Structure formats: C-alpha cells, structure tokens
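The values are calculated or read from the model by the stated rules, or taken from the named source; none is laboratory data. Keep in mind that what you see is a predicted model, and the values were worked out from it rather than measured. Cβ placement follows ideal geometry from the backbone for every residue including glycine, while neighbour counts extend to all protein chains displayed.
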Amino acid sequence: MNRRLGIVLLALAVPLLAATPAGAAPYAARLTLRLSDVGPGYLMGDDSGCGVIAGEGATWELTQIYLDHPHLGCAAQLTEMWAPVGSPPRPSAITSAAYLFRDTTGPALELQQARDVVAYVAGVARDSLTPLSAPAIGDEAVAFRTDDALVLGRANRPGAIVLWRSGRVLALVLAADLRADVVSAATWLADAQQRRIANPSPLRPGENDDAEVPLDDPGLAPDVRWLGHDLRPRGLPRLVLRESSIEGDNGAVATLRYGSRPYNSDVQLDLWRRADWRRLVRTRFGQLVWHERCARATSVPVPVGRAVIYAGYERPQKHCGDTPPDRFLAHVVYKGVVVAVNAVGCFRCRDATGPYDSRAGMRAVVRAMRPRTPAANPLARPAPPAAASAPTAARAASGARA
C-alpha cells in the first residue's frame, strides 16, 4: 500500500478511532512491560509510544482489520545499558506492545495475519520469521524466531517474538541479543506481561523514569555527586533529574541534566576524574568563560570540598564592568571527582538560560550537591532469571478488564 493511500485510510478511520474504549491509550500503557519487570540496567527507548496497527507500512489486510475493529495500543522499547555483576546474559533489546480492542474478534483476526503483525509492530522483515512452538500464554499464541532484529542500532541480530491474544487484548514481546537465550527470554517476558494484562495496575508517575539508571552502573568509577532526583530551592523553580549518562560530554565520566520543565535542561553537572580535569583546564576549550579576563570568581563553602562560582560573559569584553555578566557556572572540587556546573559546551553558544544562569542559581546548586549511592534508585532491584526455562502461563488468567 502506498503512503498516500495509508494516510487517506487513517484519516477516514479517525471517527472509528473515537469508538475505541474510553481511555484506551492510558489503559493500554498499563499492559506493557515496565522497568521494574525486567530488572536493573534497562533504559526506556525513544521510540516508545502509542498507535494502531494500520496505515503506512502495514498491509491492506491489517488496515482493513483496523477499519472494521478500531483499536489503540502502546509499545515500550527497553534497552540494556548495563547488567548486574554475575548475571546471566539478558536480552539487549526488548519490545513490549499491547493493543486494546472493543471485543475479541479484532485480536483473533490479527492473529490470522501474525507474520504481518509481527513485521509491522516489531520492525523485522516478514521473510525473516521462522515459526516456533507456541507457549501456553493467554487464549491463543504464536511464536517466531528472526535474524533481523535491531540491537543497539545494529540490524540483523537474532531475536524471538511471542504474539498472543488475551481476551480483547493483542500483545507482543520481542527479545533480541547476540548472546542471550532469546527464546526463553521472550517467553519469560511474555509471561510477565500476561500477568499485567490479567491483573492491570495503574502506571504510576515516574514508574518508568530511567534518569538514574546510568548512575547505578557498577562500572561507574568516580564518586557521583548530584542534587538528588529533584531539588526545590527557595525562590527558584523545582529541578528534576531528566537524564544522566556515563562517558558524558567532552570526555566527562558522567553527565547529569536537570530541568524545571519536561525536556529542558536548566542545570548540567559534568563529573570529571581530577587528573582528566587538570588536563582539560589547560586547554582553550576548557577555559571558556570562567578564565576570561573579565570573569569574576566567588568562593562558596561546601562540605568536604571547595566550590567557586564564576560570573562571566558569552563574548569577551573590551572593558570589564560595562555590562553585567551574562554567563554563570561553577566548579566544585572533591577528593575523588570534580563537578563542573553548566560548563560552556562550545564556542560562543548558549547552553543554559533561565533563573539558574545566575549567582543565586549557582549558589543553590553547589550548596545542594551531595554524594549519591545506588540505593537511592528505587528501580535497583534483583534481575529476573532471564535464562531460566520458559514458564507456563495459566490460561485461566487471560483476558483484560477495562
């Protein structure tokens, strides 16, 4: 089916989509796997979201099923960033999807087009699918092996898929990896998702928050200093940890980004080993703003360390003091790590603006900085036995209640 036809069909289907169960998308999101289901070390993928099995990329048969049986579903992608020490190989990439229909007819018809559904939802080539023995999950199920899964940006990786119907829900799990037993892992994960479908619970705010996951990596060497998961200083907007990464910007060991609104970054913490930091600050790049002639430094007392706030300028000044500073950053030095707060990331560009780009903002940040331990992360739970033999789901538990 060509793209234009797919767009037209979906436009015609909008009134039918309104006939799907009220709150279908939020409810369907309850029926997919969560971070707490797969063990520590996983991140939520950027392609997670909600939609339908129809339109561009889908066969005409799948689009026709949607037109006759409106539905809405959600898919979650989970990627392994690190593994607990001593754990068996786990899938590096997991896809979990659930689609809610008005009755059981729609998902039953989808199962009759199982290869096309798997190819569309899981993003694998249809001719790469090899049938496997179907596990006893839900009301009816099929399973496939593929050599066309995407793992960490690399295509043509081995994977296993389980597609099943549970009442009026159509669900799918894909497990992909080069080393793990993907068949056992996919069946185990499908069983875990089926338990959610049989006994759905609300998706609580922050339950899939993976902002701290990189910081729990057992291989992260330096002492991690942070502001907590959120910071609420007096007179300034609340800051929430939006993202963290190891091997961060410009060679930093780790980077933490805090924002007062979703998807924004008001404060960035770059953590450096002290030896690397000493090398950095000898370079022109490492001296941007704070080492300029007109920059002014203010020392701030902090526990077991020393902090300096710098007030400088985005562009070098001919005469110091003619205009007020327009860039504020800080360096906090501890025994094992140096934290650069809102370090300038490039020549003549503005990385951070807003109330924290000020002396008061920098002072609040450096005073709030403290050590972090992995125990602070509520998702740091024991990993599931991904290599265990595939469990058998009770058929009596199948079916979702909206």
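Key figures
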| quantity | calculated |
| --- | --- |
| Positions within region 241-275 being in contact with a Leu (Cβ under 8 Å, 6 or more places away or on another chain) and among the aliphatic types (A, V, I, L, M), in sequence order | Leu241, Ile246, Ala252, Val253, Ala254, Leu256, Val267, Leu269, Leu271 |
| Residue within region 189-210 that is outside the structural domain of Arg278 (by TED's automatic domain parsing), hydroxyl-bearing (Ser, Thr, Tyr) and either touching a Ser or Thr at 6+ places or on another chain (Cβ under 9 Å) or under 22 Å from Leu33 (Cα atoms) (or both) present | yes |
| So Thr105, is it crowded, with 18+ Cβ neighbours inside 10 Å, hydroxyl-bearing (Ser, Thr, Tyr) and at pLDDT 95 or above | no |
| Wholly enclosed strands (runs of 3 or more DSSP E) of region 133-197 bearing at least 1 residues in contact (Cβ under 8 Å) with a residue 60 or more places away in the chain | 154-166, 169-176 |
| Residue tally, condition crowded, with 16+ Cβ neighbours inside 10 Å and either under 33 Å from the mean Cα position of the chain (by Cα) or farther than 14 Å from Ala330 by Cβ (or both), over region 290-301 | 2 |
| Yes/no for Val118 being outside any strand (DSSP E or B), touching a strand residue (DSSP E or B) at 6+ places or on another chain (Cβ under 6 Å), of a type in the set (A, V, I, L, M, F, W, C) and modelled with pLDDT of 95 or more | yes |
| Residue that is hydroxyl-bearing (Ser, Thr, Tyr), modelled with pLDDT under 90 and either more than 19 Å from Leu203 (Cα to Cα) or outside the structural domain of Ile197 (by TED's automatic domain parsing) (or both), where the choices are Ser48, Ser87 | Ser87 |
| Which listed residue, of Ser87, Ser36, is touching a Leu at 6+ places or on another chain (Cβ under 8 Å) and in contact (Cβ under 8 Å) with a residue 40 or more places away in the chain | Ser36 |
| Residue check, Asp46 within 16 Å of the chain's Cα centre (by Cα), among the acidic types (Asp, Glu) and under 28 Å from Ala180 (Cβ atoms) | yes |
| Single condition Gly206 does not satisfy, out of (1) surrounded by fewer than 17 Cβ atoms within 10 Å (Cβ to Cβ); (2) touching a residue at least 40 places away in the same chain (Cβ under 8 Å); (3) under 19 Å from the mean Cα position of the chain (by Cα) | (2) |
| Test for Val117: is it buried (at least 19 other Cβ atoms within 10 Å of the Cβ) and not hydroxyl-bearing (Ser, Thr, Tyr) | yes |
| Condition check for Asp357: of a type in the set (D, E, K, R) and modelled with pLDDT under 90 | no |
